[in-house]
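The values are calculated or read from the model by the stated rules, or taken from the named source; none is laboratory data. Since this is a predicted model, take the numbers as computed values, not measurements. Heads up, the Cβs are rebuilt from the backbone with ideal geometry, glycines too, and the neighbour counts pull from every protein chain shown. Calculation scope for accessible area: heavy atoms of the full protein, side chains included, ligands and nucleic acids excluded. Shrake-Rupley method; radii C 1.70, N 1.55, O 1.52, S 1.80 Å.
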Amino acid sequence: MKIYNTLTRQKEEFVPMEEGKVRMYVCGPTVYNYIHIGNARPMIVFDTVRRYFEYKGYQVNYVSNFTDVDDKIIKKAIEEGVEAEEISERYIQAVKEDMEALNIKPATKNPKATEEIDGMIEMIQKLIEKNHAYEKNGSVYFRTRSFPEYGKLSKKNIDDLEAGHRDIKVAGEEEKEDSLDFVLWKPKKEGEPAWKSPWCEGRPGWHIECSVMSRKYLGEQIDIHAGGEDLIFPHHENEIAQSEAANGTEFSRYWMHNGFLNINNKKMSKSEGNFFTVREIGEKYPYEVLRFFMLSGAHYRMPLNFSQDLMESAKSSLGRIKIAMERLEDIVEKGNPGEVSKEEQKTLETLQKHVKRFETAMEDDFNTADAISVIFEMVKLINIAFDMESSKTAVEQAKNMISQLLDVLGIKAAKEKVILDAEIESLIAERQEARKNKNFAKADEIRDILLEKGIILKDTREGVKWTRA
Ligand code: AMP
Ligand code: ZN
């Protein structure tokens, strides 16, 4: 299996530290708002990477944090007049709901930064002892030049960085020995959440959080560390410096980074105000269309432009797969119990070859777009090869083959039937009619039918509104 390693800028054969096991850390979101669909890209991509490892029989220890202490969370708490914790808890809950809707497997562990402060203090102490960090007026800074390999991930030259930094002195950081040094611990400001430490009451810097949580739940060395490409510098570069300086061993063997999701070819970002939340899109499309769009639209390292047209096309492509799978299910249910014919056997063999091609695509640095085109070829073949006369045994085997591949992509096969907007509307009309006639049992029954298909009804003053779960 080949993975593009940002550290070496090339595709490398994946060799796990321990046979059959993968230790993987994915930088998680800062929880101060609903996540936008850009944030969903790493979640979907790396969940798919994990699923493929599991399909190959690996046991994956998948850790992804929640950054629940941060300036943006504090700002929002002040705006709302509530504790920072109330904000972070609210949005952690929301992220978890969004992830479930996107069929992202729960992580083995989702550590929260605020619950790992002791470990951070301990690592900072160790860095001070080893002369990689120093304290100034209650703040602790990492001494960047004490780590000779600084810049190895982002391929930045330390002297160029220094020159760039000289012009932009950040207020309050003049006390640093060197403008390249970055903060590990900072004193609290009025009204901010704070923890006691040997240096002052304060809070950790962002980078140290991931170094500590990764070590605690996965060990000093891990197989894969991942996140969006904006995290390469400075976040991941700083994580490497801290972890390797403190632990004295290589931190992560492979570094994976997804490209950006753009709108109108401009980066989707909260600060620019050009973004859609996962929830907004979830009101217009089934969540799995968003998932399918992310995996089929471009290779995960490439930029991906979001547009309604592309979502519509993802919706209809996914629909084709679903309809084919439902048909297979129908044949299995009602079909012919006879023996597998020679011709059917041949179809199964061809499908098996496609399974191998799917794997080849995935093993070439997780080329999901190519893997999905293989699925389309399989769909085309089964649509022609099987009908109600076909042997159930053969059809069931074909169905299982494709379902397994869809599962790698986190796409549910046929179980939940696709329901079209028009069908929903007509069921809602039927339910309104039932209510008008005081047939509440029937109205509830229709609500349940819709719920089973993932449609949630809301009775509002302006009438019935519905959303896809
Ligand atoms: P944040 O909450 O900003 O720290 O982001 C959480 C994750 O989402 C990080 O891995 C980011 O790199 C990633 N991310 C943020 N915006 C985008 C985007 N527009 N496209 C792809 N990934 C993004
Ligand atoms: Zn991180």
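Some observations on this one:
- Kirkwood radius, the stretch 2-258, all distinct C-alpha pairs, inverse of mean reciprocal distance: 19.1 Å.
- 222 nm mean residue ellipticity, helices alone, for the chain (DSSP H n ≥ 4; -39,500 (n - 2.57); rounded to 500): -15500 deg cm²/dmol
- Heavy-atom accessible surface of the chain: percent carbon and sulfur, 1.4 Å: 48
- Cα extents of the stretch 226-363 along the three principal axes, largest first (Å): 66, 41, 22
- At R0 = 41 Å, FRET efficiency that the Cβ-Cβ distance of Ala469 and Asn157 yields, to 0.05: 0.25
- Between Leu381 and Lys216, the simple label model (points 7 Å from Cα in the Cβ direction) yields a spacing of 4.9 nm.
- In the chain the Cα-Cα distances spread across 20 Å bins starting at 0 as 21, 49, 25, 6, 0 percent of all pairs.
- Modelled FRET efficiency - R0 41 Å, Phe233 with Lys136, Cβ distances, 0.05 increments: 0.95
- Solvent exposure of the chain as accessible area per residue, Å², 1.4 Å probe: 47
- Rounded, prolate or oblate (a/c below 1.5 giving rounded, otherwise prolate when a/b exceeds b/c) for the stretch 370-469 by Cα gyration tensor: prolate
- Table column - 3J(HN,Hα) (Hz), the stretch 251-267, Karplus curve with 6.51, -1.76, 1.60, x for Gly and Pro: 7, 10, 7, 10, 10, 10, 9, 8, x, 8, 8, 10, 10, 6, 6, 10, 3
- Counting 0.36 nm for each residue step from Glu201 to Glu86 and taking away their Cα separation leaves a gain of 39.3 nm.
- The fraction of all Cα pairs in the stretch 1-97 landing in successive 10 Å bins from 0 to the largest distance is 14, 35, 26, 18, 6, 0, given as whole percents.
- Options Tyr287, Val395, Ala298, ranked by Cα towards positive dipole end of the chain, top entry (Cβ charges): Val395
- Here Asn367 and Ala441 are evaluated by their C-beta separation; at R0 = 51 Å the FRET efficiency comes out at 0.50.
- Cα→Cβ-extended label distance, 7 Å offset, between Ser313 and Glu433, nm: 4.0
- A crude spin-label estimate for the pair Asn336 and Leu420, with each label 7 Å from Cα along the Cβ direction, gives 3.0 nm.
- Distant-in-sequence amide H partners of Ala133 (H built 1.01 Å from N, under 5 Å): Ile128, Arg143
- Around the amide H of Phe306, modelled in the peptide plane, lie the amide H atoms of Asn262, Ile263, Asn264, Asn265, all under 5 Å away and 5 or more residues distant in sequence or on another chain.
- Working ranking of peptides 307-314, 424-431 by packing, defined as the average number of other Cβ atoms within 10 Å per residue, highest first, is 424-431, 307-314.
- Label point 7 Å beyond Cα of Lys189 along Cβ direction - residues of the stretch 71-93 with amide nitrogen under 14 Å: 71-79
- Ordered from longest to shortest, the equivalent ellipsoid semi-axes for the stretch 255-305 are 18, 16, 9 Å, each the square root of 5 times a Cα gyration tensor eigenvalue.
- Sequence-distant lysines (8 or more away, or on other chains) whose Cα lies within less than 25 Å of Lys392: Lys322, Lys334, Lys342, Lys346, Lys353, Lys356, Lys380, Lys412, Lys415, Lys417
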